[in-house]
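Right, one structure below, let's go through it.
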Protein chains: 4
Amino acid sequence: MGTLAEDLTARTRAFVAEHVLPLDDEHDGDIEAAGGDERRVALQEAARAAGVFAPQVAREYGGHGLGMVDRSGPLEEAGYSLFGPIATNVGAPDEGNMHMLEAIASADQRTRFLEPLARGLVRSAFAMTEPAPGAGADPSALRTRAVRGDGGWVISGEKRFITGADGAGFFIVMARTGGEAGGAGGATMFLVPADTPGVVVGRHLPTVDRAMIGGHCEMRFEDVVVGDDAVLGEVDLGFRYAQVRLGPARMTHVMRWTGAARRAHETAVAYVAGRQAFGGRISDLGLAQQHIADNEIDLAATRALLRVACEELDAGGRASESTSIAKTFAAEALDRVVDRSQQLCGGLGVTADLPVAKIAREIRPFRIYDGPSEVHRWSIAKRAVKRITNGAPS
Amino acid sequence: MGTLAEDLTARTRAFVAEHVLPLDDEHDGDIEAAGGDERRVALQEAARAAGVFAPQVAREYGGHGLGMVDRSGPLEEAGYSLFGPIATNVGAPDEGNMHMLEAIASADQRTRFLEPLARGLVRSAFAMTEPAPGAGADPSALRTRAVRGDGGWVISGEKRFITGADGAGFFIVMARTGGEAGGAGGATMFLVPADTPGVVVGRHLPTVDRAMIGGHCEMRFEDVVVGDDAVLGEVDLGFRYAQVRLGPARMTHVMRWTGAARRAHETAVAYVAGRQAFGGRISDLGLAQQHIADNEIDLAATRALLRVACEELDAGGRASESTSIAKTFAAEALDRVVDRSQQLCGGLGVTADLPVAKIAREIRPFRIYDGPSEVHRWSIAKRAVKRITNGAPS
Amino acid sequence: MGTLAEDLTARTRAFVAEHVLPLDDEHDGDIEAAGGDERRVALQEAARAAGVFAPQVAREYGGHGLGMVDRSGPLEEAGYSLFGPIATNVGAPDEGNMHMLEAIASADQRTRFLEPLARGLVRSAFAMTEPAPGAGADPSALRTRAVRGDGGWVISGEKRFITGADGAGFFIVMARTGGEAGGAGGATMFLVPADTPGVVVGRHLPTVDRAMIGGHCEMRFEDVVVGDDAVLGEVDLGFRYAQVRLGPARMTHVMRWTGAARRAHETAVAYVAGRQAFGGRISDLGLAQQHIADNEIDLAATRALLRVACEELDAGGRASESTSIAKTFAAEALDRVVDRSQQLCGGLGVTADLPVAKIAREIRPFRIYDGPSEVHRWSIAKRAVKRITNGAPS
Amino acid sequence: MGTLAEDLTARTRAFVAEHVLPLDDEHDGDIEAAGGDERRVALQEAARAAGVFAPQVAREYGGHGLGMVDRSGPLEEAGYSLFGPIATNVGAPDEGNMHMLEAIASADQRTRFLEPLARGLVRSAFAMTEPAPGAGADPSALRTRAVRGDGGWVISGEKRFITGADGAGFFIVMARTGGEAGGAGGATMFLVPADTPGVVVGRHLPTVDRAMIGGHCEMRFEDVVVGDDAVLGEVDLGFRYAQVRLGPARMTHVMRWTGAARRAHETAVAYVAGRQAFGGRISDLGLAQQHIADNEIDLAATRALLRVACEELDAGGRASESTSIAKTFAAEALDRVVDRSQQLCGGLGVTADLPVAKIAREIRPFRIYDGPSEVHRWSIAKRAVKRITNGAPS
């Protein structure tokens, strides 16, 4: 008998292999083609039955209560299939939203928003990003505004790239309640049910990835009226709360994508171990060995950086630096793993006959989503200069 | 007035911008969605009207007769759109087939096969690759056989990844006429009309690329009977002829993909020059400048290696080494160019709202098609060891 | 008050800054120029006085008894100066030899060999590597032989690249006692005092590094006679014991070189933060920020991999895989850190006016010593293929 | 019989192998240890006798008159030995100075300065770089001043990193005659004999490279008085002339370092072809093949970019962009070639027992000298943004 985390890891692995991977492969990782929310509900029932549902959620809401380090195993196993995170309710953006709600929401908000989300009764979305020149890689450019009126707030503005928006039950909306676009202060988060008048979900952006339920959508908030009880936490602290969400959400991304990249790697290794060329097993050829070894190294380094950051989070730290470093490294390293796996599979590596090509398609945006690598590097460098010129060891 | 090559380059650029790019973007680079062969015929008519059709084909067959160096410009401009090579009849595999037929076919075969192909009346396919354990990265594993019978040959075997097979008017089929699978000798090329009994075009492989007309197909040759006049060149010299086709075909691939990568780069530069973040134009940020500069360097090095190899081919050399090096470098460098362009475009770099993501999807397989980089490196290394241990400078 | 490990880390940092770095810089990292063993003795006295001597050695031999994870901090701080490991008696090869003697030596051998080594009274060397075609990257090629005679053994053979040989008080000699060159079995370790007749220390190899006391030497064992009490552990188990030494020794290498690379990085950041070019601080230029961020990422990933491997070692595992991965990654990552630091320092990065160039010179061989990266990749790949084809997750 | 260029290439190869390499290896590439200027004179006599002296100099001054493309071969062959460029009088900075003097100097200046330099009677130096915050990567920061007085000029200022200064017969001194530090205009070049009062050659910077005769020195110009006839070209056009020197000088650097990197590569290939490990020739192991192939690709791409730039220079262009790209690529690619060669040679790759380590030491600064790669990338990116946003193809 292992720990709860080990046990959930092993059971998630088995569950995914039996219930999720076949569907994923049948539909080439396209969740809409696989049935969208109807499929989600069915998969989540199966996950509950298998005892692998919501490993990261508090027990009072039906989960297993695993901390950051402990959830790494189950989330990696969920990510082994593109549909796995949906099935066990550990996918983006819901997982990050649950995390933030557990940390910040009022008792009433927990009942109305967190609990149904945690139990898989609804999905949610996090409405922060805006079309240029609004909030993007630079969140302080936020332009959506919320104006205080009689007994509530009026929210208006445009959003873009809102993951999971189509079909979400509610939105966590970031809006400017003070300051000017370009300023660091004065943002507030609001909890807005999807059926509130003026909430408009528009076009799905035609992204290369297809496994994200509810798409990445354009949205408009057209004079949306909400009460004071819609404010998440306190007024004007939105950017600070975004940081609360940010670090852990980055890390669960890394966990899930580690699983996906591992599947690509294992697929490729099995492929080359079973094929002959130039008089031997391909897996014995040095140029294949280089790819295999580099994949192993990249996976190991990703997991090691992930664990350091998760321990810091579990200890109550904000872990801005360690999660930024881990996210940046992982996004690039896991992409390399999948790319090398495609090379190892030769022609089949760029077809849907093996699962490697679809993983490549889905993982590519991770170097851009949640902060492009370039923006992370910029902030990593600025912190380093400050720290080192103050005499602290790097 | 420039040279003919310069003139064709400029006119192809204008033609592509006006007649081809709008269609390409409208259909996200999917040639079947854009109308398939019907569209091809219309585009080729427009190209003839614009005087940019078949720059590489001999004048007697309606082309402009440009050599390898001279065709680089027009083919790069054609490749600027994913549909451009189809429009000007410089696409794979037809372009390579024309090249080989010009070099090897008999007068009668030229009339029956080369001329209609050069004029765009039919398409063709080159049927060499087979499912494992047959001919793949290692062509000598060839298993399709042609057996000499009364007054002709009987061809039987399976092929896979036959580009352009669906809708092709004829096939150039590589079949073993001597020796054993794994041996270097005893292959023959046959010219086989598509309507010959026993020629079966099967499933399109579900590849990530969608701009290749006629797909990448599975095929079977079920006791296909052809006459002696179907033999291209001489019996048992098929592997040698494949080499004749190989070098130039690699280089025209590089020309076309250079155009596509250049479009991604130019799109990204225009994008970052028009956007602000962190208080300035993105294009003035150092981390963007690094990507832009690296793109410029990779494009310049690709073109420089291409020219060296093309001069060697124009001078009558086989250029096995220089084309192998240029192909390997180009496939990786151009992929990097497109990847950096995606990063520069941020979220839009992974959507169909900009043309960068589709170029990424189309160019990825070039590191695998026409010899994976790993196999090229293996042969480059073997040649280098032999040459240097013989005392020749590297 | 921190833990003992934290305390030793802080005190080692202060000790190195005050007592070691000035000497290191004065002599450009050349330990012979700085006085060789005489200097070593003086530095070790100072380290003892500062309470930072031998953090990794058992308390009974005068050390602080830190395990692998805990010694990481003090050893990184020692490595911050090229002479630091000598000063605190944590340098190669002595540190690894102590580790192995603690694990394997008899009580008598501990008294005669381990204790004086741990207390800094003598130095030691590990005589395994041989000139081609003997033991090198492939240890099984071992050719030095030990033949059982009356009451003892006669050792004969040639060694090369024996670090610290010149001036060592004793040698741990690997010799074949069974099997054939190329076979995995039949090697035995012998403890041989330097003054034993027939022990010949020859030429120092003219290596690029100069901070390793006692050089990297050629050696001969000319019919060297030793008794049965010279056998370390059991006869014929030498290759197994080499594995015992290998993993921890790799990791302490990584600790020390992390310190050296960190010094290069901090030097470079301080340099660019204090210089102007093109109208601003160099440290604010994006192309400098890229180097700084990549250095931070490489340092963080190195430390994270190191910790994972050290925990496995502290838990009693052999950690062959995790130490191999950590060593391979670290050797390359730390070399990149130093190389980028040189670029950041411009012209001064290739002079002795800053400490960066000498660190570059010293760290370069780490990608070759203790197993070239290529050999590590080969074994990492072989293990991965075996594991994955057996169905275990990678 | 080949062309003159081919002939000089072959003869330079033979000359270097016979007369230069043995000395280079005997003295580990340290020209001072090999005898400095005395050795230079002897080597140049031998080069003249072999008919390989000054291939790039006009015939009227005793050279062979080869243009940029044509001199590539002889200069690569000279660079094959670290002392070769000195022997055939094609080394930096003299070669670049000759080039500029041929283009700009008056008839009288040619007689006094160019002719003795071309014939090897004196050496020269180019005094532009200054200590921070003066002219460095950013030449416009120039602070050395020349003030017009009665019948002449008074030059005063500090210089640093002046290659070849110690022992030079004259200096080409860049001094500000107008504008302010940081401005692009107002610099003038002066020809200053070394024995002019106030010319002070100071400390040799302790650089890692040792093959550059006359060192890299600190200098002071203490109220140095020169006449109007010391002005090279016209007053205030110094920055423009520096550009004239820059492009060709970058390219001849690339030629010479290509030779050095080729030697490292050939040494490594010969080494691995002659050694066994793990049951076969090392050169047949895939991880070695990867290095060998990558070296071939990097060498080929370097030469290809070099040729494109040299053709542009031969056609009379300034080639700022193509020489910047070629220099940046080459400095990094050739460094990679040498680094991989070191890996291939294992332990011997970091000793003086093979010539690879010394080549690594000498070539490293090339990524910094003549414009660090980072500064080149910055200007390449700026040009690209300008060109592409103006609608020109990239």
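The values are calculated or read from the model by the stated rules, or taken from the named source; none is laboratory data. All values derive from a computational prediction rather than experimental measurement. For neighbour counting, all protein chains shown are included, and Cβ atoms are generated from backbone atoms with ideal geometry for every residue, glycine included.
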Note to self: Just to be sure I understand the filter: pairs with C-beta atoms under 7 Å, separated by 6 or more residues or on different chains, first member in segment B:296-315 and touching a residue at least 12 places away in the same chain (Cβ under 8 Å), second member among the aromatic types (Phe, Trp, Tyr) and in a helix (DSSP H, G or I). Which pairs pass?
What the structure shows: B:ALA301/B:PHE329; B:ALA301/D:PHE329; B:THR302/B:PHE329; B:LEU305/B:PHE329
Next item on the list: Scan segment B:340-371 for residues that are part of a loop (DSSP other than H, G, I, E, B), within 26 Å of the chain's Cα centre (by Cα) and modelled with pLDDT of 95 or more and jot them down.
Entry: B:ALA352, B:LEU354, B:PRO355, B:ILE368
Check: Quick one: C:ALA293 ticks every box in (1) within 21 Å of the chain's Cα centre (by Cα); (2) surrounded by 23 or more Cβ atoms within 10 Å (Cβ to Cβ); (3) at the interface with another protein chain (Cβ under 9 Å from one of its Cβ atoms) bar one, so which box is it?
Finding: (1)
Note to self: Going residue by residue through segment C:298-316, is there one that turns out to be hydroxyl-bearing (Ser, Thr, Tyr) and surrounded by fewer than 24 Cβ atoms within 10 Å (Cβ to Cβ)?
What the structure shows: no
Checklist line | Residue list for segment D:27-53, filter: in a loop (DSSP other than H, G, I, E, B) and either of a type in the set (D, E, K, R) or out of contact with any Ser or Thr (no Cβ under 7 Å at 6 or more places or on another chain) (or both) | finding: D:HIS27, D:ASP28, D:GLY29, D:ASP30, D:ILE31, D:GLU32, D:ALA33, D:ALA34, D:GLY35, D:ALA50, D:GLY51
Notebook entry, point to check: Does C:ALA42 satisfy being outside the structural domain of C:THR267 (by TED's automatic domain parsing), at pLDDT 95 or above, aliphatic (A, V, I, L, M) and touching a His at 6+ places or on another chain (Cβ under 6 Å)?
Noted result: no
Notebook entry, point to check: Quick check: anything in segment B:234-257 within 9 Å of another protein chain (Cβ to nearest Cβ) and free of Cβ contacts under 8 Å to residues at least 12 places away in the same chain?
Noted result: no
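Every residue, every condition in (1) touching a residue at least 24 places away in the same chain (Cβ under 8 Å); (2) assigned to a loop (DSSP other than H, G, I, E, B); (3) closer than 30 Å to D:VAL356 by Cβ, yes or no:
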residue: C:PHE161; (1), (2), (3): yes, no, yes
residue: C:MET189; (1), (2), (3): yes, no, no
residue: C:ARG203; (1), (2), (3): no, no, yes
residue: C:GLU218; (1), (2), (3): yes, no, yes
Next item on the list: Answer yes or no: is there a residue in segment D:41-50 that is closer than 30 Å to D:PRO372 by Cβ and either free of Cβ contacts under 8 Å to residues at least 40 places away in the same chain or in contact with a helix residue (DSSP H, G or I) (Cβ under 9 Å, 6 or more places away or on another chain) (or both).
Entry: no
Check: Scanning segment B:122-144 for residues that are farther than 16 Å from B:ARG176 by Cα and modelled with pLDDT of 95 or more, which turns out nearest to the other protein chains (Cβ to nearest Cβ)?
Finding: B:ALA125
Next item on the list: Name the one entry in A:LEU8, A:LEU23 that is within 14 Å of A:ALA211 (Cα to Cα), buried (at least 19 other Cβ atoms within 10 Å of the Cβ) and touching a residue at least 60 places away in the same chain (Cβ under 8 Å).
Entry: A:LEU23
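Can you tell me which residues in segment D:264-285 are more than 14 Å from chain A (Cβ to nearest Cβ) and either in contact with a Gly (Cβ under 8 Å, 6 or more places away or on another chain) or buried (at least 24 other Cβ atoms within 10 Å of the Cβ) (or both)?
D:ALA264, D:HIS265, D:ALA268, D:VAL269
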Item checked: Hits in segment D:135-159 (condition: in a strand (DSSP E or B) and in contact with a helix residue (DSSP H, G or I) (Cβ under 8 Å, 6 or more places away or on another chain)) -> D:GLY152, D:TRP153
Item checked: Residue, surrounded by the most Cβ atoms within 10 Å (Cβ to Cβ), within segment D:351-377, restricted to residues that are farther than 20 Å from D:ALA249 by Cα and within 8 Å of another protein chain (Cβ to nearest Cβ) -> D:ALA357
Next item on the list: Report whether or not D:ARG307 is more than 11 Å from chain B (Cβ to nearest Cβ) and either outside any helix (DSSP H, G or I) or among the basic types (Lys, Arg) (or both).
Entry: no
Notebook entry, point to check: Can you find a residue in segment C:273-282 that is in a helix (DSSP H, G or I), β-branched (Val, Ile, Thr), in contact (Cβ under 8 Å) with a residue 12 or more places away in the chain and in contact with a strand residue (DSSP E or B) (Cβ under 9 Å, 6 or more places away or on another chain)?
Noted result: yes
Notebook entry, point to check: Here are some residues: A:VAL16, A:VAL57. Which one is more than 22 Å from A:ALA168 (Cβ to Cβ) and under 19 Å from the mean Cα position of the chain (by Cα)?
Noted result: A:VAL16
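Given the residues D:LEU334, D:LEU348, which is the only one that is surrounded by 22 or more Cβ atoms within 10 Å (Cβ to Cβ), under 19 Å from B:ASP294 (Cβ atoms), more than 11 Å from chain B (Cβ to nearest Cβ) and hydrophobic (A, V, I, L, M, F, W, C)?
None of the other options fit; the residue is D:LEU334.
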Note to self: I need the full set of residues from segment D:163-187 which are part of a strand (DSSP E or B) and under 19 Å from the mean Cα position of the chain (by Cα), in order please.
What the structure shows: D:THR163, D:PHE170, D:PHE171, D:ILE172, D:VAL173, D:MET174
Notebook entry, point to check: Could you say which residue among A:ILE155, A:ILE172 is surrounded by 17 or more Cβ atoms within 10 Å (Cβ to Cβ) and under 30 Å from A:HIS64 (Cα atoms)?
Noted result: A:ILE172
Check: Considering segment C:83-107 alone, what residues qualify as being farther than 18 Å from C:GLY36 by Cα, touching a helix residue (DSSP H, G or I) at 6+ places or on another chain (Cβ under 7 Å) and in a loop (DSSP other than H, G, I, E, B)?
Finding: C:ALA105
Notebook entry, point to check: Among (1) of a type outside the set (D, E, K, R); (2) surrounded by 19 or more Cβ atoms within 10 Å (Cβ to Cβ); (3) over 19 Å from D:ASP37 (Cα atoms), which single condition is D:ALA184 missing?
Noted result: (2)
Margin query: Can you confirm whether A:ALA288 is more than 14 Å from chain D (Cβ to nearest Cβ) and buried (at least 20 other Cβ atoms within 10 Å of the Cβ)?
Written below: no
